Structures are given as C-alpha cells and as structure tokens.
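Let me begin by presenting the structure, written as structure tokens, before commenting on it.
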Amino acid sequence: MPESVESVTLEACLDQTAYPIRIGSGILLEEVPALLERLTADRKVAIACDAFFLESTAQLLSDRLRKAGFTVFLHPMTGGKSNKTLEELVHLYDLMERNEFARDSSLIAVGGGVIGDTAGFAASTFLRGIHLIQVPTTVTSQIDSAIGGKVGINFNKTINAIGTYYHPRGVFIDLDFLQELPERDYIAGLAEIIKCAVICDAAFFEYLQKNAERILDRDPSALLHIYRRTIEIKLDHVRGDVQEFQQKRIRLNYGHTIGHAIELATAGREELYRHGEGVSLGMVAASFLAERLFKRDGKLRALHEAILKRYGLPIRVDLKRVGASRDEFIQRCLQHVRKDKKRQAMHVRFILPEAIGRTVVNDAVPAERIREAVAMLCEAPAP
Ligand SMILES: NC(=O)c1ccc[n+]([C@@H]2O[C@H](COP(=O)([O-])OP(=O)(O)OC[C@H]3O[C@@H](n4cnc5c(N)ncnc54)[C@H](O)[C@@H]3O)[C@@H](O)[C@H]2O)c1
C-alpha cells in the first residue's frame, strides 16, 4: 500500500531485533492495540504516562485496550529531568510486581524523554525484560530518545548514570502531540535535528536553513520530512554500533561533551537549560574548537550560530540566569568535563566538525582549549 503523506513507517533493524517506527497523525488508538495483539497473548499492560496526558491520550488508549480485553494499569508520572529517578523507577516496579506482571506483559511509555527513559529502563529490567512500546510526545523524545535503545535514569549528580540498551517492540510518533507542546520544548528538540544535519548531511542542513519558518510554524509536511531524515540518520549511526564500541554512534554525541557539562553545571530545582539547549551551546563550543584546532576561519562557527539563532536556540550562556560569575561558571563546567574524562578511559572525547556534513572524533583536545571554548560561550556574540 502506498504511504500517505501523513504517515510513514521506518524499520529499525538493530542488534537482533527489528521493530516499526510509525510516524503520522492520529495513529495511536488503532495501531498500538493492534501491535499488542500481534505481540503477546498476555493481557496485562501498564501505561506509564506523563501526567499531562492522564485524562486525554492515556485514558483513551486505556479504554481502547480494555475494550480489546486487556487489563490496563495507568501510572501517571511527572516530566522534567529531576524526575528521572530511582524513586520513580521503584514505583513502576512496585506496580508491576503487585499486579503479577509476567515476562509477556507489556509496558507502554507515553511522554517525553524522561518518561520514555525511566519506563524503558523499568521494562528492560523487570523480570529481565518485558515488552516495551514507546509513544514519545516531545520533539526530543520523538526524534531522539525513543530511537536507538538507550534507557536509564539519573543518579545523584550524574545524568543517565544507571541504564542499559533495550529496544522497544514499536515506536509510535504521533505528530498531533506537538500541538500543545510549549514553544521552548519544541525548539529545544529541534537542536538534535540540526545536530544530525551537521554531522552528516549538508543538503539536510540547507533544507533546515531554507525551511525554518515552516518548521517553526510546525507545518506537518515539513515536520514529517525532517523527522524521517533525522530518524534515518540516527538509525544509520546506531546500526552495527548500538553500544558505541566503534566510532559510529558516538558521532551522535556532537555537542554533548560541553552541552552535558552545562546541563550539570546549571542543574538545580529549576531546569535552566533543556537538554537540547545544552546541545545547542555544546555545538557552538565544538565549532569554536574545530576553528582553533584545524586553524580554520570563523565561517563554520558562523553557520552554526546563524542557524541556531534562527531557530531561537541559545548560542551564548546567560550568566545572569545561571547566577554565577564567569569564572565560577567556567570552573564548574570544566569540573564536569573532567568527570566525564575519568569515565571515558582518560579521554575527553569531542566530535568536531570539519565542514557542515562531516565530523571527526578527537580524543586529544588540550584542556586550555576547552577552557577557551567555555569562556567564549560567556562572551557576547559578534553583532
Ligand atoms: N535515551 C536517549 O537516547 C536520550 C536522548 C536524548 C535525550 N534523552 C533524555 O530525554 C530527557 C529530555 O526529554 P524531554 O525534553 O522530552 O523531557 P520531558 O520528558 O521532561 O518533557 C519535557 C516537558 O514537556 C512536557 N510534555 C511532554 N509532552 C508534552 C506535550 N506533547 N505537550 C505538552 N507538554 C508536554 C513534560 O511534562 C515536561 O514538562 C532527558 O532526561 C535526556 O537525558 C535521552
């Protein structure tokens, strides 16, 4: 059957599993129950949902599943990075254990990356793995966290400290979710799309430059196009390197070394920088490092700054909002970069752009250069 403009199916073939990634509009209520019917004879399903959808999507999905003979347990969770915790995980284990879930039972995650990562980890570890279905609802989760199998939680001050790799049995990306997504979350998610273009597809980068207005207006056909291309790029990098042992998947971490450090350096009760905003700043820093190390002119960084600014993403750190002096902030970021280094066998690993569409992995960026890059993020941009 030819695919309509409103929906496409991509096949994720990773490790020894293959599963469909459906992208479309209004696809959940028919297709999720149908997948479950094909998947399992067990009738127990938990829906871990962002509380935002408790009365709407989660309720509708649960009604459909009940009508089809499933026993459904609705479990509301709260989004936001500070909720990707052991406590939330324990609540989920508790629900599944109390209700005698079996290995053939299923868990559906309806929400952003926080819900998908936490529920995904619960599904991967409960009874050593039950069926997982991802229904991502933010841009970040739709094009990134629900794809590629990384699941986990934060622990103390470490992002994604406890986790594993676990593939869902299906991913349902419903573009209708974006209607109510706050502007800030929508834009933060676009950073990962721009990142994918920078690492390997100059033509896609050009598309993003030319179609910014339509994309910012959430035009469904532009969205379908950029989602499809971003997910294809993600799958290409993950295939054959799910656990990042080659130098393939790691390229998706472009912008993440300094981006993560900024997220951590500003972590607190209030989420000062969304994940995508950290990645935006991290990409500017990486392009600065490439400029210095490869002795290039400032064109590549200017291209980064222009597109990120066009999409409303940050290209400099707002020290007033952070509530720290320049030196304090630099110090905090460098501490987090150094922590990362210990975890990566004494390397601070950077993905650096040689051009739009081409990146290299570099394990030998001098500490002084990293300091300069973070300091640059604290200065006003060129007019
Ligand atoms: N597993 C991976 O490979 C991977 C990749 C990228 C990011 N992540 C993780 O993803 C998390 C960030 O994801 P996120 O930005 O989706 O965070 P999130 O789940 O906290 O969602 C952001 C906010 O949007 C709200 N929300 C969700 N969907 C909505 C909708 N459709 N309409 C209105 N509001 C909605 C949530 O309640 C929350 O307040 C981080 O923890 C990050 O580490 C994981």
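Test of understanding: among Phe177, Phe101, which residue is over 19 Å from Glu87 (Cβ atoms) and near the ligand (Cβ under 8 Å from one of its atoms)? Quick ask: steps written out before the conclusion?
Values: Phe101 fails: near the ligand (Cβ under 8 Å from one of its atoms).
It is Phe177.
Quick one: in segment 156-184, which of the residues that are under 20 Å from Gly24 (Cα atoms) and part of a helix (DSSP H, G or I) is least open to solvent (accessible area, probe 1.4 Å)?
In this case the residue turns out to be Leu178.
Can you name the residue in segment 196-207 that is crowded, with 18+ Cβ neighbours inside 10 Å and more than 15 Å from Gln142 (Cα to Cα) and, of all such residues, is nearest to the ligand (Cβ to nearest atom)? It would help to see each step written out before you state the result.
Within segment 196-207, the first condition is being crowded, with 18+ Cβ neighbours inside 10 Å, and the residues that meet it are 196-201, 204-205.
Checking the rest, the ones that are also more than 15 Å from Gln142 (Cα to Cα) come to 197-201, 204-205.
Values: Ala197: 17, Val198: 16, Ile199: 15, Cys200: 17, Asp201: 19, Phe204: 19, Phe205: 20 Å.
The qualifying residue nearest to the ligand (Cβ to nearest atom) is Ile199.
Identify, by number, the condition in (1) under 19 Å from Thr359 (Cα atoms); (2) in a helix (DSSP H, G or I); (3) not β-branched (Val, Ile, Thr) that Asp241 doesn't meet.
Result: Asp241 fails condition (2) only.
Restricting attention to segment 346-382, which residues are part of a strand (DSSP E or B) and not charged (D, E, K, R)?
Let us first name the residues in segment 346-382 that are part of a strand (DSSP E or B), namely 348, 350-355, 358-362, 364.
Val348, Phe350, Ile351, Leu352, Pro353, Ala355, Thr359, Val360, Val361, Asn362, Ala364 - these are the residues of segment 346-382 that are part of a strand (DSSP E or B) and not charged (D, E, K, R).
Can you confirm whether Val151 is buried (at least 24 other Cβ atoms within 10 Å of the Cβ), within 11 Å of the ligand (Cβ to nearest atom), in contact (Cβ under 8 Å) with a residue 40 or more places away in the chain and assigned to a strand (DSSP E or B)? So that I can check it myself, show each step before the final result.
On the way: buried (at least 24 other Cβ atoms within 10 Å of the Cβ): yes; within 11 Å of the ligand (Cβ to nearest atom): yes; in contact (Cβ under 8 Å) with a residue 40 or more places away in the chain: no; assigned to a strand (DSSP E or B): yes.
No: the conditions fail for Val151.
Among the residues of segment 104-148, which ones are touching a strand residue (DSSP E or B) at 6+ places or on another chain (Cβ under 8 Å), more than 12 Å from the ligand (Cβ to nearest atom) and charged (D, E, K, R)?
Asp104
Give me a count of the residues in segment 34-44 that are crowded, with 19+ Cβ neighbours inside 10 Å and farther than 14 Å from Pro168 by Cβ.
Total meeting the criteria: 1.
Of all residues being near the ligand (Cβ under 9 Å from one of its atoms) and within 30 Å of Thr40 (Cβ to Cβ) in segment 154-167, which is modelled with the lowest pLDDT? Just the residue, please.
Filtering segment 154-167 for residues near the ligand (Cβ under 9 Å from one of its atoms) gives 154, 159-160, 163.
Now restrict to residues that are within 30 Å of Thr40 (Cβ to Cβ): 160, 163.
Working: Asn160: 89, Gly163: 97.
So, considering only residues that are near the ligand (Cβ under 9 Å from one of its atoms) and within 30 Å of Thr40 (Cβ to Cβ), the one modelled with the lowest pLDDT is Asn160.
Within segment 106-123, identify whether any single residue is surrounded by fewer than 22 Cβ atoms within 10 Å (Cβ to Cβ), on the phi < 0 side of the Ramachandran plot and of a type outside the set (Asp, Glu), and answer yes or no. Walk me through it before giving the result.
Step one: list which residues in segment 106-123 are surrounded by fewer than 22 Cβ atoms within 10 Å (Cβ to Cβ), which gives none.
For segment 106-123, residues surrounded by fewer than 22 Cβ atoms within 10 Å (Cβ to Cβ), on the phi < 0 side of the Ramachandran plot and of a type outside the set (Asp, Glu): absent.
Does Arg274 satisfy the condition of being of a type in the set (Lys, Arg) and either modelled with pLDDT of 95 or more or open to solvent by 60 Å² or more (accessible area, probe 1.4 Å) (or both)? Spell out the reasoning first.
Details: of a type in the set (Lys, Arg): yes; either modelled with pLDDT of 95 or more or open to solvent by 60 Å² or more (accessible area, probe 1.4 Å) (or both): no.
No.
Would you mind telling me which numbered condition in (1) more than 19 Å from Gly189 (Cβ to Cβ); (2) part of a helix (DSSP H, G or I); (3) open to solvent by 10 Å² or more (accessible area, probe 1.4 Å); (4) in contact (Cβ under 8 Å) with a residue 12 or more places away in the chain Glu263 fails?
Going through the list (1) more than 19 Å from Gly189 (Cβ to Cβ); (2) part of a helix (DSSP H, G or I); (3) open to solvent by 10 Å² or more (accessible area, probe 1.4 Å); (4) in contact (Cβ under 8 Å) with a residue 12 or more places away in the chain, Glu263 breaks only (1).
Within segment 168-181, is even one residue closer than 21 Å to Val284 by Cβ and modelled with pLDDT of 95 or more? Show your work before the answer.
Quick first cut of segment 168-181, residues closer than 21 Å to Val284 by Cβ only: none.
No, every residue in segment 168-181 fails to be closer than 21 Å to Val284 by Cβ and modelled with pLDDT of 95 or more.
Where the second residue is within 9 Å of the ligand (Cβ to nearest atom) and modelled with pLDDT under 95 and the first is assigned to a helix (DSSP H, G or I) and lies in segment 185-199, which pairs have Cβ atoms under 6 Å and are six or more apart or on separate chains?
Ala188/Arg274
What are the residues in segment 66-97 that are within 14 Å of the ligand (Cβ to nearest atom) and in contact with a Lys or Arg (Cβ under 8 Å, 6 or more places away or on another chain), if any?
Ser82 - this is the single residue of segment 66-97 that is within 14 Å of the ligand (Cβ to nearest atom) and in contact with a Lys or Arg (Cβ under 8 Å, 6 or more places away or on another chain).
The values are calculated or read from the model by the stated rules, or taken from the named source; none is laboratory data. All of these numbers come straight from a predicted model, not from anything done at the bench. Don't worry about glycine lacking a Cβ; one is built from the backbone with ideal geometry, like all the others, and counts go over all protein chains shown. Remember, those area values only see protein heavy atoms, side chains included, never the ligands or the DNA or RNA. Shrake-Rupley method; radii C 1.70, N 1.55, O 1.52, S 1.80 Å.
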